[in-house]
Every structure is written in C-alpha cells, then in structure tokens.
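The values are calculated or read from the model by the stated rules, or taken from the named source; none is laboratory data. As the structure is a computational prediction, the values presented were derived from the model and not from experiment. Counting neighbours? That spans all protein chains shown, and the Cβs are built from the backbone with ideal geometry, glycine included. In case anyone asks, the SASA skips ligands and DNA or RNA and just uses the protein heavy atoms, side chains included. Shrake-Rupley method; radii C 1.70, N 1.55, O 1.52, S 1.80 Å.
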Amino acid sequence: MSEEVTSPIVPGSQAPHSRPVLWLISLVAVALSLFQLYSAGIQPLGLFYQRSIHLALIMMLAFLMFPVFGPRHRRGLAGGAIDLVFFAGAVITGGYLVLYLDEIINRAGFWSQTDIVIGCIATVTVLEASRRAVGLGMTIIGILAILYAFAGPRGELPWLGQFLPGILEHRGYNLDRLVGQLYLGQEGIFGLPMGVAATYIFIFVLFGAFLEITGAGKFFIDLAYAATGRQRGGPAKAAVIASAGMGSISGSAIANVVTTGAFTIPLMKRLGYKPHQAGGIEAAASTGGQIMPPLMGAGAFLIAEYTRMPYLEVVKVSILPAIMYFGTVYLLVHIIALKQGMQGMARSELPQMRDVMGAGWHFLLPLAVLVWLLVMNMSPMRVGYYAILTMLAVAAARFAVWFLFIAPREGQRVTGETLREAVKSGLVKLVGGLELGARNAVAVSMACAVAGVIVGVVGLTGLGLKFSAMMMAFSGGNLLLALVMVLLASLVLGMGLPVTASYIVLIVLVGPALTAEFGVPLLIAHLVVFWYSQDSNVTPPIALAGFAGAAIAGAKPMDTGFQAWKFAKGLYLIPLFMVFNPEIIMGGPLPLLVWSTLTAFLALGAFAAALEGYLFTRMSAPVRLVLLPAIVAVFYPSLVAEAVGAAVMALAIAGNWVASRRQGLAAG
C-alpha cells in the first residue's frame, strides 16, 4: 500500500494523499502558475484560450486536491476511478475549446451534437469541482439556476414552470440553447467572472502567495506591533492595522483571520481581552481587508470590469469608506481598552521599528512598484506580473548583498556547500510560492465559474429585470427598504457562496433596480453590493470569519460571531453614507467634502461610543439614546439635518469629556 501523507501547503492540506498524487498536485499547480505568468507578461492570449486553459488546470487541481468522498477519507479504488473520470472531464472542458475554437466560432450558433455533449460534460464537471473546492451551497445554487432555465412551456421541464410565481415565469429553454449559453458563449462559464479570475485575480493571488512564502506576513505584523504595541489595547490595534494590510492582498477574510490571528489573538487575550472579543476583533479587521484598496481582495478588478471604469477610479472612490471602516473598528478597540482598564505592552516585549525595517524593508519595494504602476494606468494583470518579478529580484539582490558583503564582514565563512544550500533553499521557496498561489486560487476560480453559470441563466431568462420589479414592489419605491432587502439577500447568499460569487450574483440581480429605478450611481451601487456581500463573514448565525477567530481564541463560535458583528457595524452604516452622499464619495466641492467627511467620522465615533456606553468615561443611557437619532441625521442627505445631528453629537461627546475630567479631579 502506498504511503499516505498530508500536504504541507494549506488549501486541501487536510486531505490524505499518496506521494504520486502530491507530486502531480505540485506539477499541475506549478504549471498553472507558470502559464499565468507567461500569459500575463510575455504573450497575452485570446479570451477563450486564456479562460479555457485556466479553468481546465484549476479543475484538474481541484480533483487532485479534494477527493470525491471528502478530505477525511482516502480515495480508494472507487474514489480514484471517480476522480479520474472528472479529471478527464476537466481536460476535455478546456482542451476541446483550445483545439476547435475556430470551427466553433465559424458555426456561429449552429452547434453540432459534439458541441452539446462536451458542453454538458463541462457543466457537470464545473459543478462537481465547485462542490469540492467551494462547498455544496454553491453547487446547489448553480443547479437551481439550470432547473429554472428549463422550467417553462418550451423548456426541457415544462411541468416545473407550474410551481413558479407569476413574476418569475418565462418561456423555458431546451438543452441545446442552455448549453450554448453556458459553454459556447461569452455570458456563461467563460464569462466576465471567469475572465477576471483567469487574469487579474490569479496574478495577485500569486503575488500574495509569494509575500506569504517569503515572510512578508510576519514583517507586516511586526511593523503593526512596533507602531501600536505600547498603546492601550496595543495588540488589538496591531491586529486592525496588520489585517488592513494583509487582507487587501490575501483575497479571503477567513485566510486573513487564520494567518494574522495566529499572532494577534493570543496576545490580545494575554493583555486582557476576553477570548470572544479577541476573535471578534480579528474577524472584523480581517473582513475589512476585503474592502481596503489597492486590491480589495480582488474585488476592485471585478467592479472595474463590470462598471467599465478605470481600475484607479474604483480604488480612489474606495479609499475614504475603507478608512471610515477601519477607524470605527480601531475606535471600538480603544474604547474597550479604556473601559476595561488595559495598558499597553512593555517595550521589551515589542519588536523595535528600526530592527523590523532593517530586516524586512525589501518587502515594501514590490508594493511600491505595484502602486506606482497602477497609478501609471498599466493593465492590472501586467502590474501583478512586474510586482512578482520585483519581489524575486529584490530577494535575489538581498541574498547577493549578504553573500558578498555582510557575511564576510561578520566573519562568516561562506563555502561552496553553503552557497549550494542557499540556492537550493531559494528554489524550493520559489516552487513553493508557485504551488501555493495556484492552490489558493482554486476556490475563487471555481466560485467564478459557477457564478458564470448563474449569470448566464439570469441573462437568458431575464431574471435580473424580474428581480428588479420584485424589489420595487416590496420596497414601495423606498430606497432605504430596498437597501435592507439587498442586505438580507446578501446574508442569505453568503450562507452558501463565497464573497466574490455573492457579489457577482447579487449585482446581476439587484444592480439594475438600484441604478435604473432608485437612481444610485453605477459605481456606488457596485460598492454597496460588494460591501454587503462581506456580511456573511461577521453576521450570526453564519459569521464564517468569526467562527475561524473563535477556533483560534478557544471561544464559543456564536459569542465570537456576535462580537465580530458588533465591531463590523461600519459594514452596514458606511454603504448608507455612500448611497445618500454619492457626490462626496465620487468627489465633490472641497468644502462639502471636508464637512461631510468630518461629520461622518464624528457619527461613526459617536456610534461606537453609544454602542459600548463608554468614551472618556461611562455614558448614561439617556445620552446614548439621544445620540442615535443624531447619528441617523448625519447620514441623511440634508445640510440642516446634518448640522443639527453634528451639534448634538459634539455636545454629547464634550459632556462626556467634561464628566471624565471631573471624575479625575475628584479621584485626585
């Protein structure tokens, strides 16, 4: 019997694999990453070539990494046979389009029987790969979308149409029409979501993997601790800052919790935060990383593609709301530290800024190149390519400096054997980065593939317009009620879909209503839906990032989820500010921009204080009740209401400060 081992690299690592399978996983993963680098920086490929090869390699990797019967079961003979069949399906899915693309295009809608059969194989293979890599919920929603397309008098399942409410009825479609839409067109599996996953998202996931494999994560965490560790609640504040930096790149709130939380949560507990508070703070901060420019967990690329706006414009508009969010989390952390009488960490326990920068300053260079090239309006895919090359060049230069200057000066004898070991270690890290990037991309690419199925059905059946009509009917034309409906829909979708897929599905369904019926600007509508799509990470009973934080903190999952929900309240309030003050977010007159920004920060600070019942000292219940309508007034699009609300909040906060001074004098 072959020896069973566990892969050391995170995604899919809990599955026991034989050594040949592990070698095959590494081979396919490295091949995928090299293909993406080649197409990003050396020879760009056509739309269908790029997407079909990417999807084929991603699915091959998914079937190797995730056995059919689950990660805790060995494959066995039956499982191996099933996996082999689906592996072949993945090869066929991409290979058929690559080999016969010109002939398929020449048929121009008059599909052959072979086209339809291969399309059916591709659809089933995509749904199964998604079940393994993303979860059953995503696959079920994809199947429901297909059944919905078949339901109708002219569809494959006309009897199913009898169960649809009147507003959701449609003519129904046969197998040939649906498969043509899903596999052979540009609005299905190989549509926009897969296009973004196969270009921008992958290259930045690979960039994040190289940051992780070279130790950049520890550098950013140490940097945050050196900056904030001596303040009250220092480790919690460091968690907020480190998660903002790493979360923007990592693309997953849960991955962010697991990586940064492994350092921050134990230190928060040691300082005095309760376990469920520590887990909740990390979950809220890590979720915020997904809305933090420049990458926004790859969301910025999707928003730019869907809105047809420059990537840099999406980033510029997102900066102020992201700062508001992290400002709120930071303030809540500070208030709890004051309330519970916490102190900062001792200087001896903290890394020194000089030492941290000396050891890891080179990690800032690829990020600087990345931002500079984005500002120069270079293609994001090419930017990611050059950022990766910069990182590798910096690592090589750093080793050369050590070898030529530092080692001799410190009296270290560098032999040929030492050099060989160093080069070998560097090559192992390089291959590890290529493999980790491909593994990390499997879930998001499969989510985008099934999201393409859903988007294709929505486009075919006109479901988006029907959903818009339903929103208008249920909300009665009230924008606030419509936004509450979007929030609830995002929470339900988030139970079964990852953030990227939830955003894609939701914007296709509710986007037309928000823009056409309620007059919300296009970019603001996309940002609001993207923000609300994050809520399943921090909103009980789901709170996926909260549950990950609870596992590290050793706390009850639901208690941690409620703490994450409390700390992430900006996730619900700030989109309202964006909707009701679009001219501020999009860039209006400077005096109005300054006024609205100050009042918004004042409102978020007052909200944090009212939520905790504490600011400079304890806040009485009547004052907290008075603050709530004042906070609402600031978000309302009326200058008089904003001025009154700001005045009430300023008085309440000033009164709390005076009360704290009196208490201090009395105690003294």
Surface accessible to a 1.4 Å probe, per residue, for the residues of the range 523-573, Å²: 26
Neighbour net charge for ALA654 - beta-carbon separation under 15 angstrom, K R +1, D E -1: +2
Phi-based couplings in Hz for the range 655-660 (Karplus 6.51, -1.76, 1.60; Gly and Pro marked x): x, 5, 5, 4, 4, 5
Percent breakdown of C-alpha pair distances by 5 Å bin, ordered from the shortest bin, for the range 170-284: 2, 11, 17, 16, 11, 8, 7, 7, 6, 6, 4, 3, 1, 0
Full-stretch length increase - ALA516, ALA551 - with 0.36 nm per residue and alpha-carbon distance subtracted: 8.2 nm
Overall Cα dimensions of the range 81-165, principal axis frame, Å, largest first: 43, 33, 19
Probe 1.4 Å, protein heavy atoms only - accessible area per residue of the range 46-112 in square angstrom: 49
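Order these peptides, 439-452, 152-165, by their mean beta-carbon neighbour count within 10 angstrom, highest first.
Values: 439-452: 28.6, 152-165: 13.7.
The most tightly packed comes first, giving 439-452, 152-165.
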In Hz, Karplus ³J(HN,Hα) per residue of the range 420-436 (6.51, -1.76, 1.60; θ = phi - 60°; x = Gly, Pro): 4, 5, 5, 5, 4, 4, x, 5, 4, 5, 4, 5, x, x, 4, 5, 4
Sequence-distant lysines (8 or more away, or on other chains) whose Cα lies within less than 27 Å of LYS269: LYS218, LYS237, LYS339, LYS556, LYS566, LYS569
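Could you compute the FRET efficiency for LEU488 and ILE406, with r as their C-beta to C-beta distance and R0 at 60 Å, rounded to 0.05? Intermediate results must be reported in sequence, preceding the final value.
Values: r = 58 Å, r/R0 = 0.97.
Efficiency for this residue pair is about 0.55.
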Peptides 267-273, 499-505 ordered by average Cβ neighbours within 10 Å, highest first: 499-505, 267-273
Interchain or long-range residues, amide H under 5 Å from GLN231's placed H: MET345
Net charge over other residues, Cβ less than 14 angstrom from the Cβ of GLU156 (K, R count +1; D, E count -1): +2
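Viscosity 1.306 mPa s, temperature 10 °C: what is the translational diffusion coefficient of the chain from Stokes-Einstein with a Kirkwood Rh over Cα pairs, rounded to a whole number of µm²/s?
After rounding, the answer is 60 µm²/s.
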Residue-count net charge about ILE25 - beta-carbon cut-off 10 Å; Lys, Arg +1, Asp, Glu -1: 0
Potential extension, ARG171-LEU479 segment - 0.36 nm per residue separation minus Cα distance: 107.8 nm
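At a 1.4 Å probe radius, carbon and sulfur cover how many percent of the accessible area of the range 143-298?
Working: 3080 of 5080 Å².
C and S fraction of accessible area: 60 percent.
For the range 355-420, with every protein chain kept in place, what is the accessible area per residue (1.4 Å probe, Å²)? Provide the component values of the computation, followed by the final result.
Working: 3960 Å² over 66 residues.
Normalised by residue count, the accessible surface of the range 355-420 is 60 Å².
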Nitroxide proxy distance, nm - points 7 Å out along Cα→Cβ at ARG270 and LEU625: 4.5
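For ARG19 and LEU576 in the same chain, what is the full-extension length gain: residue separation times 0.36 nm, less their Cα-Cα distance, in nm? Intermediate values should be presented prior to the final figure.
Working: separation 557, 0.36 × 557 = 200.52 nm, distance 5.26 nm.
My answer for the length gained is 195.3 nm.
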Inter-probe distance in nm under a simple model that places probes 7 Å from Cα toward Cβ, at LEU164 and ALA31: 4.1
Sequence-distant residues sharing a close amide H with TYR614 (under 5 Å, placed H): MET619
Distance between modelled label sites at ALA643 and ALA422, nm, 7 Å Cα→Cβ extension: 6.8
Carbon plus sulfur fraction of accessible area for the range 376-533, probe 1.4 Å, in percent: 69
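Probe radius 1.4 Å, ligands and nucleic acids ignored: give me the carbon and sulfur share of the accessible area of the range 580-668 as a rounded percent. Let's see the in-between values first.
Working: 3550 of 4730 Å².
It is 75 percent, rounded to a whole number.
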J(HN,Hα) series, the range 612-629, from Karplus relation 6.51 cos²θ - 1.76 cosθ + 1.60, nearest Hz, glycine and proline x: 8, x, 7, 9, 8, 8, 4, 10, 5, 4, x, 5, 4, 5, 5, 5, 4, x
